[in-house]
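**Q** Following this message is one structure expressed as structure tokens.
The values are calculated or read from the model by the stated rules, or taken from the named source; none is laboratory data. Computed from a prediction, not measured in an experiment: that's the story for all the values here. Every residue, glycine as well, gets a Cβ built from its backbone with ideal geometry; the counts of neighbours run over all protein chains shown.
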Amino acid sequence: MTDAWDLVAAERQALVDDLATLTPEQWEVPSLCAGWTVHDVAAHLVDNARTTRVGIVVAMVRARFDFDRQNAAGVARWKGSTPAETLERLRAVVDRRTTPPAPLDSRLVEEVAHGEDVRRPLGLTRVYPAEAGGRALAHQARTSVALGGGKQHLAGLTLRATDADVRLGEGPEVVGPLVSLLLVSSGRVAGLADLTGDGVPRLRAALAG
């Protein structure tokens with residue numbers, strides 16, 4: 001199994017390469033993250049990469065243990081005055097290996113899911129490595145919705161990727177591209193359009209509820 005940090009670095013570099021091609025107007029396109037532009041997501045990824053086990057505790061205390069407030073503060077901290085400034089900050093953390101007190105595969109969720117949050121609205125595509133996507137999906141499937149995962153939403157369903165040897169769970173099937181399965185497991189309804197199977201109506205209702 002590939003070292004998680006090598007997979008994370010590869011995803012960070014791929015996103016840096018894609019962001020380097022954008023016009024200033026494209027940086028202001030709304031991402032799949034409600035209320036965040038492409039520029040905001042890039043700043044969030046800088047903040048995320050710089051997070052440490054002690055730093056996240058300090059940040060949460062300052063945010064009065066509100067994850068949304070903590071994330072907003074991180075975006076404000078690392079969002080540059082220009083896209084070029086933010087891109088340089090993101091490029092500087094490609095190989096960084098600090099993390100909050102969470103499983104390392106959660107770092108893959110951040111990079112792959114947020115990478116897609118940016119690429120889809122811009123019409124960009126990436127063929128994500130099956131190992132990175134599969135490990136990220138497995139992490140989300142066992143992580144509570146309250147912590148950003150999809151455990152409760154996915155309960156009683158089988159997830160089957162059409163582009164990778166990945167199958168999780170038991171029950172009615174939800175079938176489609178691996179990255180789309182990861183998106184819905186992370187609460188993004190945008191992934192539903194790519195999915196088929198008897199389990200899709202139940203999943204759609206769970207995400208809506």
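**Q** Which of the residues spanning region 1-41 are among the small types (Gly, Ala, Ser) and touching a Pro at 6+ places or on another chain (Cβ under 8 Å)?
**A** ALA10, SER31
**Q** Is it the case, given these coordinates, that VAL166 is over 27 Å from ASP66 (Cβ atoms), in contact with a helix residue (DSSP H, G or I) (Cβ under 6 Å, 6 or more places away or on another chain) and at pLDDT 95 or above?
**A** Yes.
**Q** Restricted to region 3-59, and to residues that are of a type in the set (Ser, Thr, Tyr) and within 19 Å of the chain's Cα centre (by Cα), which residue is surrounded by the fewest Cβ atoms within 10 Å (Cβ to Cβ)?
**A** THR52
**Q** Quickly run through region 161-191 and pick out the residues that are in a helix (DSSP H, G or I) and either basic (Lys, Arg) or surrounded by fewer than 18 Cβ atoms within 10 Å (Cβ to Cβ) (or both).
**A** VAL189, ALA190
**Q** Continuing with the same structure: Look at region 127-153 and say how many of its residues are among the hydroxyl-bearing types (Ser, Thr, Tyr) and crowded, with 17+ Cβ neighbours inside 10 Å.
**A** 2
**Q** When residues of region 61-99 are filtered for being farther than 20 Å from ALA146 by Cβ, in contact with a His (Cβ under 9 Å, 6 or more places away or on another chain) and not polar (S, T, N, Q), how many remain?
**A** Residues meeting the conditions: 5.
**Q** Can you tell me which of ALA161, ALA146, ALA155 is more than 22 Å from ASP3 (Cβ to Cβ) and at pLDDT below 95?
**A** ALA146
**Q** Report the residue count in region 115-156 for those that are assigned to a helix (DSSP H, G or I) and without any contact (Cβ under 8 Å) to a residue 24 or more places away in the chain.
**A** 3
**Q** Among ARG69, ARG91, which is the only one that is among the charged types (D, E, K, R) and closer than 15 Å to GLU11 by Cβ?
**A** ARG91
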